[in-house]
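Undergrad: Before I ask anything, let me first share the structure, which is written out below as structure tokens.
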Amino acid sequence: MPVTFDVQPSPSARTDAEVAEILADPGFGRFFTDHMVSITWTKGQGWHSPKVVPYGPLSLDPSAAVLHYGQEIFEGMKAYRHEDGSVWLFRPERNGERFRTSAARMMLPDLPVDLFVQAVRELVTIDARYVPEAAGEHSLYIRPFMIASEAFLGVRAAEEVTFLVIASPVGPYFAEGVKGVDIWVTDKWARAGVGGTGAAKCGGNYAASLIAQYEGYEHGCTQVMFIEAAEKDRVEELGGMNVFLISADGQLVTPALTGTILDGITRDSILAVGEQLGLTPVERRLSAQEFLDGIAEGTFVEAFCCGTAAVISPISGFKSERGEWRLKGQDFATTVRIRDAVLDIQYGRTPDRFDWLQRVV
Ligand code: PLP
Ligand code: COI
């Protein structure tokens, strides 16, 4: 049953000319739309007070648990404008399901998938003029998140929680575009471990990844690839993306979901699309040794990273304290084929065979 949101239109919404100026060069995550969604959860009462309100600063008590213990989760998804002007979401229920999984891990309340999707639809509908034209792979990035807003310093699950959705028109995540990025393989830092929060999309994972990412920057790399913490052998994922290898014999290989990495929706979609393109999808354990030796020996000819923000970005090479490994396939031919196939679905340029799209406007 759809819930009725109390809609309070922004009195200071941007003019169409101001929106057009933002959409001409949105960058990534710099500008936000006129509104945001908020729903409150209180122990004993459940979810209540669903609202669409003007975008603006939150009023949080300085003792709010999220500010001290990081009890927070988020999602990342996009709305795409098709050629005919219509606006679509891509597999939004998958984000809603993952949000539930993240909430369970972080002792946050369960938000039904229907309500999650409805909240996203409310925001995209009211701020639809911020969904850019498809040119240059622009889209509206949507950020649902949940925070422990209760004012209380004891360490326990918060009894008052706020769910919010904000949105930002965006262009490409990487300044390099589809030119190929270098990835730093860190031997020193771990992002998550067995039993930890790696499979949850919680803010702390990203805070923990920053030190390694900055180490990567020092070596000219844009992202960092993490190796499993305990045995220091199994390849996991990048700071904010999943990773794939393409073998010379047409295998599309990605680390299996082990509970320490994020179950990426782009990753899952690529496995399905790749198979359609004649590749063999393989989810398995990949040791760092096999991964890097395979690149050096030419077993793996291409590599790419993927996620909602980054879409699918070809990787030119990997670097670590121990050396450098360049991919043979520097034309990224297969990566580009997969990338185009996924984007063609998202932007409605090809039939939606998997039934992944959901129309909003
Ligand atoms: N891994 C991490 C750590 C991420 O932050 C993301 C981005 O959301 C992904 C993988 C890719 O997930 P998705 O394709 O669902 O965006
Ligand atoms: C996404 O791809 O949606 C992400 O969350 C990655 C990053 C922007 C945190």
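The values are calculated or read from the model by the stated rules, or taken from the named source; none is laboratory data. Keep in mind that this is a model prediction, so the values were computed, not measured. Neighbour counts run over all protein chains shown; Cβ positions are idealised from the backbone, glycine included.
Undergrad: Any idea which of ASP114, ASP127 is within 12 Å of ALA79 (Cβ to Cβ) and either buried (at least 21 other Cβ atoms within 10 Å of the Cβ) or at pLDDT 95 or above (or both)?
TA: Residue meeting the stated conditions: ASP127.
Undergrad: Taking the options LEU292, LEU245, name whichever one is in contact (Cβ under 8 Å) with a residue 40 or more places away in the chain, touching a helix residue (DSSP H, G or I) at 6+ places or on another chain (Cβ under 8 Å), under 24 Å from LYS179 (Cα atoms) and more than 13 Å from ligand 2 (Cβ to nearest atom).
TA: Just one listed residue meets the conditions, LEU245.
Undergrad: So ALA200 passes all but one of these: (1) in a strand (DSSP E or B); (2) within 15 Å of ligand 2 (Cβ to nearest atom). Which condition number does it fail?
TA: Status for ALA200: all satisfied but (1).
Undergrad: Ok, one more. Kindly check whether there is at least one residue in the stretch 139-152 that is under 22 Å from GLY44 (Cβ atoms), among the acidic types (Asp, Glu) and either touching a strand residue (DSSP E or B) at 6+ places or on another chain (Cβ under 8 Å) or modelled with pLDDT of 95 or more (or both).
TA: If we filter the stretch 139-152 for residues that are under 22 Å from GLY44 (Cβ atoms), which is where we start, we get 146-152.
In the following step, the residues that additionally are among the acidic types (Asp, Glu) were identified as 150.
Those left that are additionally either touching a strand residue (DSSP E or B) at 6+ places or on another chain (Cβ under 8 Å) or modelled with pLDDT of 95 or more (or both): 150.
The answer is yes; a qualifying residue exists.
Undergrad: Residue under question is ALA207, and the condition is that it be within 15 Å of ligand 1 (Cβ to nearest atom) and either small (Gly, Ala, Ser) or closer than 23 Å to PRO314 by Cβ (or both); does it hold? Reasoning before the result, please.
TA: Working: within 15 Å of ligand 1 (Cβ to nearest atom): yes; either small (Gly, Ala, Ser) or closer than 23 Å to PRO314 by Cβ (or both): yes.
Answer is yes for this residue.
Undergrad: Another question about this same structure. Just need a number here: residues in the stretch 336-352 that are of a type in the set (Gly, Ala, Ser) and under 14 Å from ALA79 (Cα atoms).
TA: Number of matching residues: 1.
Undergrad: I would also like to ask the following. In the stretch 245-326, which strands (runs of 3 or more DSSP E) lie fully inside it and hold 2 or more residues that are closer than 30 Å to THR101 by Cβ?
TA: Hits in the stretch 245-326: 251-255, 280-284, 300-307, 311-320.
Undergrad: Sticking with this structure for a sec: Go through (1) assigned to a helix (DSSP H, G or I); (2) within 11 Å of ligand 1 (Cβ to nearest atom) and name the single condition ARG191 misses.
TA: All conditions are met except number (1).
Undergrad: Would a scan of the stretch 74-88 turn up a residue that is closer than 22 Å to GLY195 by Cα and in a helix (DSSP H, G or I)?
TA: Step one: filter the stretch 74-88 for residues closer than 22 Å to GLY195 by Cα, giving 74-75.
Adding the requirement that they be in a helix (DSSP H, G or I) leaves none.
Scanning the stretch 74-88 turns up no residue that is closer than 22 Å to GLY195 by Cα and in a helix (DSSP H, G or I).
Undergrad: Just need a number here: residues in the stretch 220-255 that are among the charged types (D, E, K, R) and within 16 Å of ligand 1 (Cβ to nearest atom). Don't jump to the end; show me each part of the working.
TA: Initial filter on the stretch 220-255 (among the charged types (D, E, K, R)): 228, 231-234, 236-237, 249.
After this cut, where a residue has to be within 16 Å of ligand 1 (Cβ to nearest atom) as well, the list is 228, 234, 236-237.
The number of residues fulfilling the criteria is 4.
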